[in-house]
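Beneath this line is the structure, given in structure tokens, with notes to follow.
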Amino acid sequence: MAQEQIGTVTHYYDKLSVAIIKLDKELVPGTNVQIKGNTTDEKLTVEEMQFDHKPIEKGAAGQEVGIKVPGKVRDGDKVLMAEE
């Protein structure tokens, strides 16, 4: 079964380890996600999301949110629901 895509990385701030993600679907803290690309494969639990430098409780489809990531990700990487 294919993983459900919930967004795409549009920017990565390496000094902050923050990825900006354009959401295709709603995202809430506590969600397990996987960021995949040609050279990227990161699994993480979304601890906190920010919009316009302020914490938010959920991100809506079409919104761009920032999340902390454990490793380097790249523009264009896909954000997927993590497999159990």
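What to note about this one:
- Strands (runs of 3 or more DSSP E) wholly inside the chain containing at least 2 residues that are surrounded by 14 or more Cβ atoms within 10 Å (Cβ to Cβ): 5-13, 18-23, 32-36, 41-45, 49-51, 64-68, 78-81
- Note on the stretch 41-84: residues that are charged (D, E, K, R) and closer than 17 Å to residue 10 by Cα total 10.
- Scanning the stretch 1-18 for residues that are touching an Asp or Glu at 6+ places or on another chain (Cβ under 8 Å) and closer than 15 Å to residue 64 by Cβ turns up 6, 7, 8, 9, 10, 11, 12.
- When residue 59 is tested against (1) in contact with a Leu (Cβ under 6 Å, 6 or more places away or on another chain); (2) within 12 Å of residue 5 (Cβ to Cβ), exactly one condition is not met: (2).
Coordinate-derived values only; no laboratory data. The structure displayed is predicted, hence computed values, not measured ones. Ideal geometry is used to build each Cβ from the backbone, glycine not excepted, and the neighbour counts take in all protein chains shown.
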